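Heads up: the structure comes next, in structure tokens.
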Amino acid sequence: MVKLPIYMDNHATTAVDPRVLDAMLPYFTQKFGNAASRNHSFGWEAEEGVDKARNQIAGLINAKSKEIIFTSGATESDNEAIKGVVEFYKDKGNHIITCVTEHKAVLDSCRALERAGKASVTYLAVDKYGMVDPGQVRKAITDKTVLISIMYANNEVGTIHPIAEIGRIAKERGVIFHCDAVQAVGKIPVDVERDGIDLLAMSGHKIYGPKGVGALYVRAKGPRVRLTPMIDGGGHERGMRSGTLNVPGIVGFGAACEIAGQEMHSEAVRMRSLRDKLQAGLFERLDEVYLNGHPTERLPGNLNVSFAYVEGESLLMGVNDVAVSSGSACTSATLEPSYVIRALGTNEELAHSSIRFGVGRFNTDEEVDFVTERVSREVKRLREMSPLYEMAREGIDLKAVNWRA
Ligand SMILES: *Cc1c(COP(=O)(O)O)cnc(C)c1O
């Protein structure tokens, strides 16, 4: 028997790996020093832990350890990258290129700069698979462009963008390239040299590390990227991010990166096979199921599907012993369908029917079987109550129906 509830929402957050927790524990009560204390062993011990983590994190993305700046998470990293570049290079230009399916941490940073009159932003569209066209990136570059910000892989539909190609274009045109790589790092190979990335945001809690810790990679050479800091203070992190370092969090983040580096390839094979099994199981049992995202260029653990004639929110309520996520963001008054799913050109109804499954390290074969059965049964039950589904089954063209008659 599987243990309930089942967690299958690993794009939202992940459990801390027990090996990560073991690495962290001594840094709460024994090695509790301030990493900035230079004159005693407590400080040195903490600094040693931070140095090791910096190496582990840099190693995972082929960076140098001095290029890693610790932050409170990827939201802060994205904010610092975008606002820091725009502020520092304001005499050079003020144009940003990004895309419509970015995380809110990127989109809202851009919006804030627009509202303040500090930047003009081009939001590139994506194709029906959620992929941005590098040709469009090239076309959008002007002599005022100071930053391109395109994510590595999307957090809702898992689509992996052609990052190395975009990196090449950015290099060619001398534009700084920031990449929100939160969902990609530790799941698929990310290499800041191969991919031509100048700034990169990552987060501990998406890769089996703790919450509240992240990093920003800042290229030191070819080109050396400069940023205006958003947080002023003691000048930690080479002046780019002041504040006493979260030593246990950083140590855990480092350990999580080390494990990811060692196990990524075998883990990706296992994640992909569980995900494919889930996908095949749902598509076998149900008609009118639609895949959202790219069929192949997709994160190994991601499955986003729309179950036609079923509200995502109703489905979630019906399967309350399975933790998955619907595309709809619940706001106080309205249920807005996901802007990411809408950007793929999916119609409103299907966008409301989307469910995101995030298979992760601790999911088992038995859990996938259980979720497949549980979700299929609930979809069938909800459809049995749907007059629209009945009509569609009887061959009535719903778009041609005059509902007022
Ligand atoms: C989770 C996530 C973030 C935010 O990361 P936090 O560390 O939680 O602030 C940013 N971008 C993407 C793509 C994410 O999935």
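Within the stretch 287-303, residues that are without any contact (Cβ under 8 Å) to a residue 40 or more places away in the chain have Cβ atoms under 7 Å from residues that are part of a strand (DSSP E or B) and loosely packed, with under 15 Cβ neighbours inside 10 Å in no pair, counting only partners at least 6 apart in sequence or on another chain. Every listed requirement among (1) assigned to a loop (DSSP other than H, G, I, E, B); (2) open to solvent by less than 30 Å² (accessible area, probe 1.4 Å); (3) away from the ligand (no atom under 16 Å from the Cβ); (4) not acidic (D, E) is met by T101 save one, (3). Evaluation of Y389 against the conditions (1) under 26 Å from L124 (Cα atoms); (2) of a type outside the set (A, V, I, L, M, F, W, C); (3) more than 21 Å from the chain's Cα centre (by Cα) shows that the sole unmet condition is (1).
Taking the criterion of being charged (D, E, K, R), assigned to a loop (DSSP other than H, G, I, E, B), buried (at least 22 other Cβ atoms within 10 Å of the Cβ) and away from the ligand (no atom under 14 Å from the Cβ), would at least one residue in the stretch 197-220 satisfy it? Taking every residue of the stretch 197-220 in turn, at least one turns out to be charged (D, E, K, R), assigned to a loop (DSSP other than H, G, I, E, B), buried (at least 22 other Cβ atoms within 10 Å of the Cβ) and away from the ligand (no atom under 14 Å from the Cβ).
Of the numbered criteria (1) more than 16 Å from the ligand (Cβ to nearest atom); (2) assigned to a loop (DSSP other than H, G, I, E, B); (3) free of Cβ contacts under 8 Å to residues at least 60 places away in the same chain, the one K128 fails is (3).
It is to be established whether one or more residues within the stretch 231-239 are modelled with pLDDT of 95 or more, surrounded by 14 or more Cβ atoms within 10 Å (Cβ to Cβ) and more than 16 Å from the ligand (Cβ to nearest atom). No - not one qualifying residue is present in the stretch 231-239.
Scanning the stretch 9-31 for residues that are over 15 Å from I250 (Cα atoms) and within 16 Å of the ligand (Cβ to nearest atom) yields D9, N10, H11, A12, T13, T14, A15. Checked against the criteria, N79 does not count as over 19 Å from the mean Cα position of the chain (by Cα) and either assigned to a loop (DSSP other than H, G, I, E, B) or not aromatic (F, W, Y) (or both).
The values are calculated or read from the model by the stated rules, or taken from the named source; none is laboratory data. Values in this document were obtained by computation on a predicted structure and should not be read as measured data. Because the Cβ atoms are built from the backbone with ideal geometry, glycine has one as well, and the counts that use them run over all protein chains shown. We work out accessible area using only protein heavy atoms, side chains counted, and drop any ligands, DNA or RNA first. Shrake-Rupley method; radii C 1.70, N 1.55, O 1.52, S 1.80 Å.
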